[in-house]
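Below is one structure, written out as structure tokens; the observations come after it.
What follows draws every value from the coordinates through simple rules; no lab data is involved. For clarity, every value in this text was computed on a predicted model and none was experimentally measured. No Cβ is skipped: glycine too gets one built from the backbone with ideal geometry, and neighbour counts run over all protein chains shown.
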Amino acid sequence: MPPRILIVGAGLYGATCARELHDAGCRVHVIEQRAAPGGNCATRHVPEADCHEHVHGAHIFHTDNERVWRWVQRFARFNGYTHRVKVRHGAQLYSFPINLFTLHQVFGVATPAGAQAVLARERVPIAEPANLEEQALASVGPTLYRLFIEGYTRKQWQRDPRELPADILKRIPVRLDFDDGYFNDRFQGIPVGGYSAMFDRLMAGVRVDFGVDFLRDREHWLARHDHVIYTGPIDAFFDHGHGRLGYRSLRFERELLPLADYQGSAVVNHTDAAVPYTRIIEHRHFERPEPGRRRAASHTLITREFPQEGGPGREPYYPVATADNLARLARYQAMAASLVPQVHFGGRLGSYRYLDMHQVIAAALAHVQRVLDTPRHAAVASGTEP
Ligand code: FAD
Ligand code: UDP
């Protein structure tokens, strides 16, 4: 008999595993506590604004991994959107991420050589930055740190930047030319018709039950399956026995405005600590009308993003990789190793890692390969099972 595989969560990790394992001949059952697939990538159509709302915050697909890019094209056509962000601090608007135009706005330089010279003067010599603040001071110096990073980071993480890992900032490029793209990746875009339509295609033919919380009936589910892929929070799986892992959450305030265009860009970051939100998303700018079709909208939809601490009743959006949390995570991972049947903890919440969509797909494809390479599953997939 083909192995019985339970997948907990119809987010991107669960859906990717489900598609591949289903196609390889496994008996796959997905359970999802929400009413629809997509996890944090979910979108919904808003007729008044003639666009798809990114329900859990802005999601831009970007990758340099050709295999992942080819794989995802099977389920969506991407619209060629390239992510560009503006920063607002006080009354001033800036080009971002930091590039030659930003350095022109802040320091008056106009050439790459001028930019290099001003950064060399600003940078604080720190050989091995041990935290986010040191990383920022070493890479751009105090003026740009205060203007673009300190306020935003304090709001986003509600922690002193000296308590945060340097890695968080390495996601954001610093450039000496006028390139103001947010990502360096060659492949970018947003699925035409929204992410939720992509998930419908991704999960076509797979058995899925919505509105089912695995943790309410854990023993029931474990007893009936040969392998479980769990994409919820790892600490919740173990009833927080070693204490709660820290998560950052967000509160979204959405507003439909009777305007054609509110801010002229999909995302404006508000880096001033005095403004309580971190950014404003204007959803219509993620999309472009199909050739020959005019936008039919009386309104535009904006969302303000207010960071908040995670906790009961709040979505756990971002793992917080402090030393305490990582030590707690190691205890949960040690418990996970001895579970029967084997439970794999995947995705952003299961692995407690700050993963982007392309990394989630790559990790899920790698896990599927490991599952299919086990002798029993390989026999099923090749039709040679005894
Ligand atoms: P999730 O999407 O969290 O899916 C997990 C699923 O499991 C959920 O549907 C949940 O309901 C379900 N579940 C949990 N527990 C249970 C349970 N007990 N029983 C049943 N079901 C359960 N990535 C990018 O590449 N580009 C971006 O621009 C980008 N922007 C982002 C912006 C924000 C605000 C956030 C929070 C993330 C962003 N990401 C972005 C990251 C992206 O959302 C993740 O990489 C991706 O959604 C992770 O997929 P996942 O399946 O691991 O987790
Ligand atoms: N960041 C910042 N200012 C900005 C944008 C980002 O200081 O205008 C820092 C902040 O610490 C943030 C990190 O860079 O958490 C990564 O930003 P990204 O946009 O990748 O992700 P976010 O955490 O905002 O979803």
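If contacts are Cα pairs under 8 angstrom and at least 6 residues apart, what is the relative contact order of segment 40-138 in percent?
Once normalised by length, the contact order is 10 percent.
The packing ranking of peptides 216-222, 196-202, 320-326, highest mean first, is 196-202, 320-326, 216-222, where packing means the average number of other beta carbon atoms within 10 angstrom of each residue.
Peptides 126-139, 289-302 ranked from most to least packed by the mean count of surrounding Cβ atoms within 10 Å: 126-139, 289-302.
In this structure, the amide hydrogen of Val208, modeled 1.01 Å from its nitrogen in the peptide plane, lies closer than 5 angstrom to those of Val30, counting only residues at least 5 positions away or on a different chain.
Seen against the Cα atoms of the chain and their longest principal axis, helix 112-122 is set at about 90 degrees. Largest mean-square fluctuation among Met335, Met203, Met357, in a Gaussian network model of the chain whose springs join Cα atoms under 10 Å apart, belongs to Met335. Taking the Cα centre of the chain as reference, the dipole from Cβ charges on Lys and Arg (+1) and Asp and Glu (-1) amounts to some 280 debye.
Using a cutoff of 8 angstrom between alpha carbon atoms and counting only pairs six or more residues apart, the relative contact order for segment 281-372 works out to 20 percent.
In order along segment 331-339, phi translates into HN-Hα couplings of 5, 5, 5, 5, 5, 4, 5, 9, 6 Hz, rounded to whole numbers, per the Karplus curve 6.51 cos²θ - 1.76 cosθ + 1.60 with θ = phi - 60° and x for Gly and Pro.
Computed from the C-beta positions of Ala120 and Arg4 and an R0 of 51 Å, the FRET efficiency is 0.25 to the nearest 0.05.
Between Arg244 and Ala323, what length in nm is gained on full extension when 0.36 nm per residue of separation is reduced by their alpha carbon distance? Present the calculation step by step, with values, prior to reporting the outcome.
Values: separation 79, 0.36 × 79 = 28.44 nm, distance 1.37 nm.
Extending this stretch completely gives an extra 27.1 nm.
The mean sequence separation of alpha-carbon pairs under 8 Å and at least six residues apart, normalised by the residue count of the chain, gives a relative contact order of 26 percent. Note on the chain: GNM, Cα springs under 10 Å; of Gly108, Gly11, Gly57, the largest mean-square fluctuation is that of Gly108. Bridges between two residues of the chain, per DSSP, are antiparallel at a rate of about 60%. Hey, quick one: spin label on Arg67, modelled 7 Å out along Cα-Cβ, who in segment 184-203 has an amide N within reach, i.e. under 18 Å? Counting only backbone N, you get 186-187. Residues of segment 38-66 falling in the label zone of Arg295, defined by backbone nitrogen less than 14 Å from a point 7 Å along Cα to beta-carbon, are 46-53.
Among the chymotrypsin sites (Phe, Trp or Tyr not before Pro) in segment 237-336, those located in a DSSP loop and surrounded by at most 15 other Cβ atoms within 10 Å of their own Cβ are Phe238. Other residues lying with their Cβ under 9 Å from the Cβ of Leu301 contribute a combined charge of -2, Lys and Arg counting +1, Asp and Glu -1.
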